[in-house]
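Below you'll find the structure, written out as structure tokens, and then a few comments.
The values are calculated or read from the model by the stated rules, or taken from the named source; none is laboratory data. Computed from a predicted structure; not experimentally measured. Here the Cβ is made from the backbone with ideal geometry for all residues, glycine too, and neighbour counts use every protein chain on show.
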Amino acid sequence: MAECDVFKLFELIDLTSLNETDHEETISVLCQKVTMANHHVAAVCIFPSFVTTARKALTDQAVRIATVVNFPEGTDTLDTVLASICEVISHGANEVDVVFPYVTYLQGEKEKAYDFIRACKKACGEHVLLKVILETGALQDPLTIEEVSYNVCLSGADFLKTSTGKIATGATPEAARAMLTVIKKMPRPIGFKVSGGVRTVEQAMHYIQLAEDIMGPAFVTPEHFRIGASQLVDTLRERVL
């Protein structure tokens, strides 16, 4: 892998720590990994309680702060989620990764699930990205994933994201293809984030190639394409430092 490819991949990463054992020190250490040879990751993705910690720890203000709500089961009440969104934005979050209420959807209350996303986008406003985690491992069927992707895009999502990484089935190429196929048809730009089990350079490059094949090479920039990962950053740093 050429050094230029290492840096390109590094800049696409949402450096993620969503562990129950996280504390302020682990988040501070995480934030020390965001830069490499004058390049930086796209964002750090952390629990809401650590947004303020990350904001203080990040010396490179170009690194965005992402956090999660309705996470990981996707079963919180809408009022709880909206309150969380307002709180994390006030503490400095630039991006909100919300779990699509897939249980509600699978129980047949589809419009209620989409209304949930519409309300979340309204709370985020125009300047905070809303990345919707579909939990494709629970939706399973590619046609279902396409249906949800299409309607979530119409409901205001700025990004579609594959997985929480908290259930047995994370990201898969089949799910990614279904989501990217829908994104390509949208009349406005929608980003794509693959997460949940992307641990190696080879896996990451496979998803990059898939996105380039469907969307074209210009799509694969931090503005439109992200990889949620943790140990992948350490692997890349070992190759350069």
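Pull up the stretch 144-168, narrow it to residues that are surrounded by fewer than 19 Cβ atoms within 10 Å (Cβ to Cβ) and under 16 Å from the mean Cα position of the chain (by Cα), then point me to the one that is nearest to LYS110 (Cα to Cα). Give the steps one after another, and end with the answer.
Residues of the stretch 144-168 surrounded by fewer than 19 Cβ atoms within 10 Å (Cβ to Cβ): 144, 146-147, 150-151, 154, 156, 166-168.
If we keep only those that are under 16 Å from the mean Cα position of the chain (by Cα) as well, we get 156, 166-167.
Working: GLY156: 15, LYS166: 23, ILE167: 22 Å.
Across the stretch 144-168, the extreme among qualifying residues is GLY156.
Taking the options GLY216, GLY156, name whichever one is closer than 22 Å to ALA43 by Cα and small (Gly, Ala, Ser).
GLY156
Conditions tested, residue by residue: (1) out of contact with any Gly (no Cβ under 8 Å at 6 or more places or on another chain); (2) not polar (S, T, N, Q).
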residue: VAL34; (1), (2): yes, yes
residue: ARG55; (1), (2): no, yes
residue: PHE71; (1), (2): yes, yes
residue: GLY74; (1), (2): yes, yes
residue: GLU87; (1), (2): yes, yes
residue: GLN107; (1), (2): yes, no
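Looking at the stretch 30-45, is at least one residue of a type outside the set (A, V, I, L, M) and closer than 15 Å to ASP97 by Cβ?
Yes: one or more hits.
Within the stretch 103-137, work out how many residues are in a helix (DSSP H, G or I), among the small types (Gly, Ala, Ser) and surrounded by fewer than 21 Cβ atoms within 10 Å (Cβ to Cβ).
Initial filter on the stretch 103-137 (in a helix (DSSP H, G or I)): 103-106, 110-124, 136-137.
Now restrict to residues that are among the small types (Gly, Ala, Ser): 113, 119, 123, 137.
Remaining after also requiring surrounded by fewer than 21 Cβ atoms within 10 Å (Cβ to Cβ): 119, 123.
Total satisfying the criteria: 2.
Filtering the stretch 57-92 down to residues that are in a helix (DSSP H, G or I) and within 20 Å of HIS23 (Cβ to Cβ), which residue is farthest from the chain's Cα centre (by Cα)?
This residue is ALA57.
Quick check on my filter: what residues within the stretch 217-234 are at pLDDT 95 or above and charged (D, E, K, R)?
Hits for the stretch 217-234 are GLU223, ARG226.
Identify the residue in the stretch 22-63 that is among the basic types (Lys, Arg) and free of Cβ contacts under 8 Å to residues at least 60 places away in the same chain and, among all such residues, is nearest to VAL132 (Cα to Cα). Break it down stepwise before answering.
Taking the stretch 22-63 first, the residues among the basic types (Lys, Arg) are 33, 55-56.
This time we only want the ones that are free of Cβ contacts under 8 Å to residues at least 60 places away in the same chain, so: 55-56.
On the way: ARG55: 22, LYS56: 26 Å.
Step by step, filter the stretch 22-63, then rank; the result is ARG55.
Just to check your reading of the model, which residue among THR67, THR21, THR35, THR16 is among the polar types (S, T, N, Q) and over 21 Å from ARG226 (Cβ atoms)? Please lay out each step first, then the result.
Values: THR67 fails: over 21 Å from ARG226 (Cβ atoms); THR35 fails: over 21 Å from ARG226 (Cβ atoms); THR16 fails: over 21 Å from ARG226 (Cβ atoms).
Criteria check complete, one pass: THR21.
So, ARG177, is that one of a type in the set (D, E, K, R), assigned to a helix (DSSP H, G or I) and closer than 16 Å to MET215 by Cα or not?
yes
Would you mind stating whether ALA93 is closer than 30 Å to VAL6 by Cα, surrounded by 23 or more Cβ atoms within 10 Å (Cβ to Cβ), touching a Cys at 6+ places or on another chain (Cβ under 6 Å) and among the hydrophobic types (A, V, I, L, M, F, W, C)? Step through it out loud before you land on a result.
Details: closer than 30 Å to VAL6 by Cα: yes; surrounded by 23 or more Cβ atoms within 10 Å (Cβ to Cβ): yes; touching a Cys at 6+ places or on another chain (Cβ under 6 Å): no; among the hydrophobic types (A, V, I, L, M, F, W, C): yes.
The answer is no for ALA93.
Touching an Asp or Glu at 6+ places or on another chain (Cβ under 6 Å), over 25 Å from HIS224 (Cβ atoms) and free of Cβ contacts under 8 Å to residues at least 40 places away in the same chain: is that true of THR80 in this structure?
No.
Can you tell me which of PHE192, PHE225 is in contact with a His (Cβ under 9 Å, 6 or more places away or on another chain) and aromatic (Phe, Trp, Tyr)?
PHE192
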